[in-house]
1. Determine the gain in length on full extension of the stretch Ala178-Asn134; use 0.36 nm per residue of separation and subtract their C-alpha separation, reporting nm with one decimal.
2. Take Thr64 and Val2, extend 7 Å from each Cα along the Cα→Cβ direction, and tell me the distance between the two endpoints in nm.
3. List, in order, the whole-Hz ³J(HN,Hα) value for each residue of the stretch 21-37 obtained from phi through the Karplus relation with A = 6.51, B = -1.76, C = 1.60 and θ = phi - 60°; use x for Gly and Pro.
4. Around Ile89, with a cut-off of 12 angstrom between Cβ atoms, what is the net charge of the other residues, counting Lys and Arg +1 and Asp and Glu -1?
5. Per 0.36 nm of contour for each residue apart, how much would the distance between Ser54 and Arg26 grow if the chain were fully extended, relative to their Cα-Cα spacing?
6. What distance in nm lies between label points placed 7 Å from Cα along the C-beta direction at Arg152 and Arg103?
7. How high is the relative contact order of the chain, in percent, with contacts defined as C-alpha pairs under 8 Å that are six or more residues apart?
8. Using only helices, what value at 222 nm comes out for the chain when you add -39,500 (n - 2.57) per DSSP H run of length 4 or more and divide by the total residues, to the nearest 500 deg cm²/dmol?
Amino acid sequence: MVPIQNAALGRALRRLFDVPVGAALRAGLPGRRCGSSELIALLRRRLRDPIDVSECTDPEVVRTALHTARGLLERLPEEQSPHPTIVGIADLNPANVLWDGDRCRLVDFEDGGLSTPACDLADHFEHIAVRPRNMYDTQLLVRSVGLTPDERSALAGHRVLWAVFWLLALLPGSRAHARNPEGTLEGQAERVLDLIEAGCDRPSVE
């Protein structure tokens, strides 16, 4: 996406985030798929299960990333239930962003719901269809959406969680592994290690 499209996407997300949460709550809107608490519980459960990396192209880097991620998840507080402040779309696969030459329009809210800006934007930025191709200008989007300093700090913690999510989703035997080029899993393992080494595990996730 070119800068003008990224800026338009940021404005579209800001309009969505400005939907009154109180009205959404009264209407019975649920939390988004894999909100903070659900995501942490899912990752912790998956990482505690035995994982066979023998079929990986580079088993060692995948094994190291899984071990490092496991240590991170075990250090996080047991409960993470941030108060929702926005309505989010959840799945911002590029196919769900429609550009008409002037505005971005968002489609496919199947997994959307009550959320926080940090959780939703981290999901968007780390999506496997987005990040390897640098589809989104993350800095421009953060500015366009207008994250507060606290939300920017929380964004870093959420990004590493979503990176781990995709690491697990790409393991051999999965649908994501089968439909992505060889080496995608290993690249994701390196992504997880880079984020954790950069200190993205230190800020609170919300």
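1. Values: separation 44, 0.36 × 44 = 15.84 nm, distance 2.17 nm.
Net length gain for the segment: 13.7 nm.
2. 4.1 nm
3. Those phi angles translate into 5, x, 5, 5, 5, 5, 7, x, 5, x, x, 5, 4, 6, x, 3, 5 Hz.
4. Working: positive: Arg15, Arg32, Arg33, Arg105; negative: Asp91, Asp108, Glu110, Asp111, Asp120, Asp123.
With Lys, Arg at +1 and Asp, Glu at -1, the neighbours total -2.
5. Numbers: separation 28, 0.36 × 28 = 10.08 nm, distance 4.98 nm.
Computed gain between Ser54 and Arg26 is 5.1 nm.
6. 2.9 nm
7. Values: 285 pairs, mean separation 60.1, N = 206.
Reported as a whole number, the value is 29 percent.
8. Details: 9 runs with 108 residues, N = 206.
For the chain, the value works out to -16500 deg cm²/dmol.
Each value in this text was obtained by applying a stated rule to the coordinates, not by laboratory testing. This structure is a prediction, so every number in the text was calculated from the model and none was measured. Using ideal geometry, Cβ is built from the backbone for each residue, glycine included, and neighbour counts are taken over all protein chains shown.
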